[in-house]
1. How many of the residues making up the stretch 579-613 are open to solvent by less than 20 Å² (accessible area, probe 1.4 Å) and in a loop (DSSP other than H, G, I, E, B)?
2. Of all residues in the stretch 455-485, how many are outside any helix (DSSP H, G or I) and out of contact with any helix residue (DSSP H, G or I) (no Cβ under 6 Å at 6 or more places or on another chain)?
3. Please tell me if Ser621 is among the small types (Gly, Ala, Ser), within 30 Å of Tyr422 (Cβ to Cβ), open to solvent by 20 Å² or more (accessible area, probe 1.4 Å) and within 17 Å of the chain's Cα centre (by Cα).
4. Out of (1) in contact with a helix residue (DSSP H, G or I) (Cβ under 9 Å, 6 or more places away or on another chain); (2) modelled with pLDDT of 85 or more; (3) not in a strand (DSSP E or B), the odd one out for Asn142 is which?
5. Considering only residues that are touching a Phe, Trp or Tyr at 6+ places or on another chain (Cβ under 9 Å) and either among the charged types (D, E, K, R) or buried (at least 24 other Cβ atoms within 10 Å of the Cβ) (or both), which ones fall in the stretch 174-189?
6. Of all residues in the stretch 374-403, which are within 24 Å of Ala526 (Cβ to Cβ) and either assigned to a loop (DSSP other than H, G, I, E, B) or among the basic types (Lys, Arg) (or both)?
7. Looking only at the stretch 354-364, decide whether some residue is open to solvent by 10 Å² or more (accessible area, probe 1.4 Å), out of contact with any Ser or Thr (no Cβ under 7 Å at 6 or more places or on another chain) and not charged (D, E, K, R).
8. Looking at Ile551, Ile539, Ile516, can you tell me which residue is of a type in the set (Val, Ile, Thr) and touching a Ser or Thr at 6+ places or on another chain (Cβ under 6 Å)?
Amino acid sequence: MKQITSLILAAVLVISLCACGGQSAEAPQSESAPVSAAETVAAPEAAAPEASAELEDAAPIEASASEAEPEPEAPAFTAEDASAYAAAIDNATLDPVVYLDYSAGIDAGVYTWILSDDGTYYTLAAVDESGEAETSEEAAINVGANNEEAAWMAWFGGSVYDGVYMNANITNPENQTMLIYVPAAYLDTDAEGNVTGINHDAVVGSYTADTAPIVYLNECGGWRSSSPRSCDTTYIQEGFLYVTAGARSRDAYGEDGLATGKAPTQMVDLKSGIIELRANSDVIPGDKDRIISIGTSGGGQMSSILGASGNMPEYYEYMYESGVLGVTRNEDGTYSSAYADNIYGAQCYCPIADIENADLAYAWWWVDLADQGGTVGTFTDFDFRLQELEAEAFVTYLNSLGLTDAEGNALTLDGLREGSYYDAVLQNISDALNAAVEAGEADPAADYPEAGWLTQDESGAWQVTDLAGFMVGTGLVYARNKQVPGFDTMYKTAENDAFGSPEDTAVHYSASVAQILSDHYEELSALDGFDAEAVDNYIEEALSGPKSDSIARQTSLLNATRIMLGADGISAVDPAPYWRDRSGTADQHTSFSVGYNLCLAAQSMGLDTDYHLVWNMGHGSNEGTSTGTFIDWIHEICDGAAE
């Protein structure tokens, strides 16, 4: 009987999609304002909805807004729609009607709400056949080489509940699930303590169950896979919902030994979670128009892509292959999505972004300090010269982006250490130092006596005047941890396994570095340290070989900076209206310019940006309070008031 009902629902869905049209993966790009999340209507508790004409009101989002007609209102979805779209998924490896429609999953006994020991929040999690919550070992956060939590987890371990599924074609359950944490007051319960629905009148802090922002965490640090995390109760106390999402990435493999997390799979999984939050609003409280992503390092990069790529049809084919709710294939071969996947805000901590050009930025940063310390061993003549060429290429690349400051003044480089862009970077560092001084966290006069790279004006403000002097004077130069190149490394030892086909162990992906190697091949080949076989392979894979175009497509789909600048033939459709970046002045993992360029790209689209360096912060998210806090920012952009 259940199969018959599902077939009927699938048939109705196809008819509805044909009648309503679809968001096409080949449609023109929209320049409209961000699409609001669909309003939701709580449905009566039922195991499976009957087929109805309501699906005709749930038309897929239109990708094109090029006509002069006004932007249509976002469609209103119901729980019945979630079940119907789930029934239409034709490549599922689990029952999507049960596992992607969370109310059905609760009724079927595969999901349940679990009250925390202190009674302050509920967790929506998976349960076993006996109704007991299932748990897994909690993975350490991947934020790079200096990961103190990784060491703590190795010694003491930890466990976390198994999460609810985000899509239906499952290869790595731990990376395709999420945990949803909700302030207890937002949920109604019966006399036995069972959750019965949403308490729309409840207020926690400055928010109600309907206005509460949703913090959406990914842990793709190091560009590795994310898995659900335990609850950070700080967010609960503020009245926020807190969601920790999984995502497959470079270290995800299937039972057949093939890679399952090649780009842009990270976005597929994270967008799946956004869609599930919206499709299950009968179960999950919170304002789905105020979803705010957060991530650190590679996770900061993924947060930036979530912010830049809202409702972009270029991702739909990949989403369809993973069994994402509401994503369908049309008769003409294009793809549509019934649900919005855009977000409200993107918090990016030290993002490893614009990764195909990150080596150019890193080389520009360190070019005049290549032989002064670090943890990467001795550089060869080939390394020294390649870094110089990369740094020079960064000047050309930076100038090609057309970046401007908030007043519209061009930000350019006139050489390695000249130009308005260089001056702006020095000002960013100076602003971080002055903020730390004001907060009582730094004393430059005592810490850096007689520093030739630092001056103080009559008002007492400090000014960093030289990048190399700053790096030597603060000791940052001795912490260098990148080779030449250091992201797309010569022997494919870093993020190289994030790209290519499932059969590829690792590939080269930086066309910009490959172009340098090609253009200067004769000169470089005469230098000590030149490896002809490695260089030839680099050039072929990233620039001239049969896989280079598909690899370039992968990097383009994971480059928020270039998406917002309209580069590479793809453009943002519904980017997040609010952006915040915090990177540290003691971060040795990536150039300061990466996060700065990201925010400048967002600013170029008229989006609200909050960019600051944090004095003496390393590669992580321990920002302190000198430049504000993430929570304060959420209150600011969400008005911080119950409405």
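1. Number of matching residues: 6.
2. Residues meeting the conditions: 13.
3. Yes: the conditions hold for Ser621.
4. Here Asn142 clears every test but (2).
5. Passing the criteria: Gln176, Thr177, Met178, Leu179, Ile180, Tyr181, Val182, Pro183, Tyr186.
6. Answer for the stretch 374-403, where residues must be within 24 Å of Ala526 (Cβ to Cβ) and either assigned to a loop (DSSP other than H, G, I, E, B) or among the basic types (Lys, Arg) (or both): Val376, Gly377, Thr378, Phe379, Thr380, Arg385.
7. Scanning the stretch 354-364, I find no residue that is open to solvent by 10 Å² or more (accessible area, probe 1.4 Å), out of contact with any Ser or Thr (no Cβ under 7 Å at 6 or more places or on another chain) and not charged (D, E, K, R), so the answer is no.
8. Step by step, each of Ile551, Ile539, Ile516 is checked, and only Ile539 is of a type in the set (Val, Ile, Thr) and touching a Ser or Thr at 6+ places or on another chain (Cβ under 6 Å).
The values are calculated or read from the model by the stated rules, or taken from the named source; none is laboratory data. Keep in mind it's a predicted model, so treat the numbers as computed, not measured. A quick note on method: Cβ atoms are made from the backbone with ideal geometry, for glycine too, and the neighbour counts reach across all protein chains shown. The accessibility values were calculated without ligands, DNA or RNA, using every heavy atom of the protein model including side chains. Shrake-Rupley method; radii C 1.70, N 1.55, O 1.52, S 1.80 Å.
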